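The values are calculated or read from the model by the stated rules, or taken from the named source; none is laboratory data. Source: prediction; values computed, not measured. Glycine gets a Cβ as well: all are built from the backbone with ideal geometry, and neighbour counts include every protein chain shown. To get the accessible areas, we keep the full protein, side chains included, count just its heavy atoms, and leave off ligands, DNA and RNA. Shrake-Rupley method; radii C 1.70, N 1.55, O 1.52, S 1.80 Å.
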Amino acid sequence: MSQTAPEGKLALQTVPFPADTNGGGDIFGGWVLSQMDVAAGITSIERAQGRCATVAIEAMRFHAPVLVGDLFSVYTSIKKTGTTSMTIHVEAWVKRQSGGELLMVTEGDFTFVAIEASGVKRELPKPDS
Ligand SMILES: CC(C)(COP(=O)(O)OP(=O)(O)OC[C@H]1O[C@@H](n2cnc3c(N)ncnc32)[C@H](O)[C@@H]1OP(=O)(O)O)[C@@H](O)C(=O)NCCC(=O)NCCS
(Lines give C-alpha, C1' and ligand atoms only; values in the text may rest on other atoms or scores of the structure.)
Protein backbone atom coordinates (compact mmCIF):
# COMPACT_ATOMS: atom_id res chain seq x y z
CA MET A 1 0.00 0.00 0.00
CA SER A 2 1.96 2.98 -1.33
CA GLN A 3 -0.67 5.72 -0.92
CA THR A 4 0.74 8.40 1.38
CA ALA A 5 -2.23 10.81 1.74
CA PRO A 6 -5.99 10.34 2.13
CA GLU A 7 -8.24 10.55 -0.92
CA GLY A 8 -11.52 12.44 -0.53
CA LYS A 9 -12.96 14.68 2.15
CA LEU A 10 -12.91 14.20 5.90
CA ALA A 11 -16.34 12.85 6.88
CA LEU A 12 -15.80 11.57 10.43
CA GLN A 13 -13.18 11.66 13.17
CA THR A 14 -13.15 9.82 16.49
CA VAL A 15 -10.94 7.95 18.99
CA PRO A 16 -11.58 4.26 19.80
CA PHE A 17 -11.89 3.17 23.44
CA PRO A 18 -10.77 -0.07 25.18
CA ALA A 19 -14.41 -1.23 25.01
CA ASP A 20 -13.99 -1.44 21.19
CA THR A 21 -11.17 -4.02 21.29
CA ASN A 22 -11.19 -7.69 20.28
CA GLY A 23 -9.58 -10.54 22.23
CA GLY A 24 -6.15 -9.63 20.85
CA GLY A 25 -6.31 -6.08 22.17
CA ASP A 26 -6.69 -4.40 18.76
CA ILE A 27 -9.83 -2.55 17.71
CA PHE A 28 -12.57 -4.90 16.50
CA GLY A 29 -13.00 -4.93 12.70
CA GLY A 30 -16.76 -4.51 13.11
CA TRP A 31 -16.18 -1.20 14.91
CA VAL A 32 -13.99 0.01 12.03
CA LEU A 33 -16.58 -1.08 9.46
CA SER A 34 -19.42 0.63 11.32
CA GLN A 35 -17.53 3.93 11.53
CA MET A 36 -16.86 3.75 7.79
CA ASP A 37 -20.55 3.01 7.15
CA VAL A 38 -21.55 6.05 9.25
CA ALA A 39 -19.06 8.30 7.40
CA ALA A 40 -20.21 7.09 3.99
CA GLY A 41 -23.81 7.42 5.17
CA ILE A 42 -23.24 11.11 5.98
CA THR A 43 -21.78 11.65 2.49
CA SER A 44 -24.68 9.77 0.89
CA ILE A 45 -27.29 11.87 2.73
CA GLU A 46 -25.57 15.07 1.58
CA ARG A 47 -25.51 13.90 -2.05
CA ALA A 48 -29.02 12.44 -2.04
CA GLN A 49 -30.45 15.31 0.03
CA GLY A 50 -32.21 12.82 2.27
CA ARG A 51 -32.45 9.30 3.55
CA CYS A 52 -30.29 6.50 2.10
CA ALA A 53 -29.66 2.82 2.78
CA THR A 54 -26.46 0.78 2.44
CA VAL A 55 -27.03 -1.83 -0.28
CA ALA A 56 -23.49 -3.23 -0.75
CA ILE A 57 -19.98 -3.12 0.72
CA GLU A 58 -17.17 -4.30 -1.54
CA ALA A 59 -13.40 -4.39 -1.84
CA MET A 60 -12.86 -4.09 1.91
CA ARG A 61 -9.20 -4.29 2.76
CA PHE A 62 -7.75 -4.13 6.26
CA HIS A 63 -4.16 -2.90 5.82
CA ALA A 64 -3.15 -2.35 9.45
CA PRO A 65 -4.67 -2.62 12.94
CA VAL A 66 -6.41 0.24 14.73
CA LEU A 67 -5.17 0.77 18.32
CA VAL A 68 -6.84 2.23 21.40
CA GLY A 69 -6.20 5.98 21.47
CA ASP A 70 -5.50 6.38 17.72
CA LEU A 71 -6.96 9.48 16.11
CA PHE A 72 -9.23 7.67 13.63
CA SER A 73 -10.32 9.63 10.53
CA VAL A 74 -12.57 8.55 7.67
CA TYR A 75 -12.38 10.12 4.21
CA THR A 76 -15.00 9.65 1.49
CA SER A 77 -15.18 10.28 -2.25
CA ILE A 78 -18.13 9.57 -4.52
CA LYS A 79 -16.83 7.37 -7.34
CA LYS A 80 -19.99 6.64 -9.29
CA THR A 81 -23.64 7.60 -9.34
CA GLY A 82 -26.51 5.84 -11.08
CA THR A 83 -30.25 6.44 -11.16
CA THR A 84 -30.86 5.74 -7.47
CA SER A 85 -27.45 4.60 -6.22
CA MET A 86 -24.02 5.99 -5.49
CA THR A 87 -20.73 4.19 -4.82
CA ILE A 88 -18.51 5.88 -2.28
CA HIS A 89 -14.84 5.02 -1.81
CA VAL A 90 -14.08 5.10 1.91
CA GLU A 91 -10.64 5.26 3.51
CA ALA A 92 -9.89 5.03 7.25
CA TRP A 93 -6.58 6.55 8.40
CA VAL A 94 -5.03 6.75 11.86
CA LYS A 95 -2.52 8.88 13.65
CA ARG A 96 -0.97 6.88 16.49
CA GLN A 97 -0.87 8.31 20.01
CA SER A 98 2.88 7.78 19.83
CA GLY A 99 3.07 10.10 16.81
CA GLY A 100 4.38 9.42 13.31
CA GLU A 101 2.82 9.73 9.88
CA LEU A 102 -0.84 9.25 8.96
CA LEU A 103 -1.40 5.57 8.13
CA MET A 104 -4.20 4.09 6.02
CA VAL A 105 -5.71 1.19 7.97
CA THR A 106 -8.77 0.21 5.94
CA GLU A 107 -10.52 1.00 2.65
CA GLY A 108 -13.62 -0.15 0.84
CA ASP A 109 -16.39 0.78 -1.57
CA PHE A 110 -19.83 1.38 -0.08
CA THR A 111 -22.94 1.59 -2.29
CA PHE A 112 -25.98 3.47 -1.03
CA VAL A 113 -29.45 3.81 -2.50
CA ALA A 114 -31.53 6.97 -1.99
CA ILE A 115 -34.82 6.04 -0.37
CA GLU A 116 -38.11 7.66 0.54
CA ALA A 117 -39.23 7.84 4.17
CA SER A 118 -41.14 4.63 3.44
CA GLY A 119 -37.93 2.81 2.42
CA VAL A 120 -38.74 2.69 -1.30
CA LYS A 121 -35.89 3.70 -3.61
CA ARG A 122 -36.00 7.14 -5.24
CA GLU A 123 -34.02 8.91 -7.96
CA LEU A 124 -30.92 10.85 -6.94
CA PRO A 125 -31.32 14.61 -7.29
CA LYS A 126 -29.01 16.43 -9.69
CA PRO A 127 -25.67 17.29 -8.04
CA ASP A 128 -25.26 20.78 -6.55
CA SER A 129 -23.45 22.96 -9.04
C1 LIG B 1 -31.82 -0.46 -0.88
C2 LIG B 1 -33.15 -1.01 -1.43
C3 LIG B 1 -34.27 -0.02 -1.09
C4 LIG B 1 -33.00 -1.08 -2.95
O5 LIG B 1 -34.26 -1.47 -3.46
P6 LIG B 1 -34.36 -2.48 -4.68
O7 LIG B 1 -35.73 -2.41 -5.24
O8 LIG B 1 -33.84 -3.79 -4.22
O9 LIG B 1 -33.38 -1.81 -5.72
P10 LIG B 1 -32.63 -2.35 -7.03
O11 LIG B 1 -32.28 -3.78 -7.01
O12 LIG B 1 -33.45 -1.87 -8.19
O13 LIG B 1 -31.28 -1.52 -6.96
C14 LIG B 1 -31.30 -0.10 -6.75
C15 LIG B 1 -29.95 0.44 -7.10
O16 LIG B 1 -28.95 -0.18 -6.29
C17 LIG B 1 -27.96 -0.81 -7.10
N18 LIG B 1 -27.56 -2.06 -6.45
C19 LIG B 1 -28.36 -3.03 -5.98
N20 LIG B 1 -27.64 -4.03 -5.47
C21 LIG B 1 -26.33 -3.67 -5.62
C22 LIG B 1 -25.09 -4.28 -5.31
N23 LIG B 1 -25.03 -5.48 -4.71
N24 LIG B 1 -23.96 -3.63 -5.62
C25 LIG B 1 -23.99 -2.42 -6.21
N26 LIG B 1 -25.15 -1.78 -6.55
C27 LIG B 1 -26.29 -2.41 -6.26
C28 LIG B 1 -28.66 -1.06 -8.42
O29 LIG B 1 -27.74 -1.20 -9.47
C30 LIG B 1 -29.52 0.17 -8.54
O31 LIG B 1 -28.73 1.27 -8.95
P32 LIG B 1 -29.23 2.43 -9.97
O33 LIG B 1 -30.68 2.77 -9.67
O34 LIG B 1 -28.33 3.59 -9.69
O35 LIG B 1 -29.08 1.87 -11.34
C36 LIG B 1 -33.48 -2.42 -0.84
O37 LIG B 1 -32.63 -3.38 -1.43
C38 LIG B 1 -33.33 -2.45 0.67
O39 LIG B 1 -34.14 -1.90 1.40
N40 LIG B 1 -32.25 -3.12 1.15
C41 LIG B 1 -31.93 -3.15 2.58
C42 LIG B 1 -31.13 -1.91 2.95
C43 LIG B 1 -30.66 -1.96 4.39
O44 LIG B 1 -31.39 -2.37 5.28
N45 LIG B 1 -29.43 -1.52 4.59
C46 LIG B 1 -28.81 -1.57 5.88
C47 LIG B 1 -27.97 -2.77 5.97
S48 LIG B 1 -27.34 -2.99 7.58
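Some observations on this one:
- Per residue, the chain exposes an accessible area of 54 Å² to a 1.4 Å probe, with every protein chain left in place.
- Peptide packing: for 120-126, 107-113, 76-82, the average count of neighbouring Cβ atoms within 10 Å per residue gives the ranking 107-113, 76-82, 120-126, highest mean first.
- Contact order relative to length of the chain, as percent, for alpha carbon pairs under 8 angstrom and 6 or more apart: 30 percent
- Across segment 25-36, rounded Karplus estimates of 3J(HN,Hα) from the backbone phi angles (6.51 cos²θ - 1.76 cosθ + 1.60, θ = phi - 60°) give x, 8, 6, 4, x, x, 5, 4, 4, 5, 5, 5 Hz, Gly and Pro being marked x.
- Kirkwood-type radius of the chain, with distances r between different C-alpha atoms, in Å: 15.3 Å
- Amide N proximity, segment 40-84 versus Arg96 label position 7 Å along Cα-to-Cβ, cut-off under 18 Å: 63-73
- Solvent-accessible area, 1.4 Å probe, carbon plus sulfur percent, for the chain: 54 percent
- Shown here for segment 3-70: chymotrypsin sites (Phe, Trp or Tyr not before Pro) in loop regions (DSSP other than H, G, I, E, B) with at most 16 other Cβ atoms within 10 Å, namely Phe28.
- Taking amide H as placed 1.01 Å from N in the peptide plane, the amide H of Thr84 sits under 5 Å from that of Leu124, each at least 5 places away or on another chain.
- Long-range amide H partners of Phe28 with built H, under 5 Å: Thr21, Asn22
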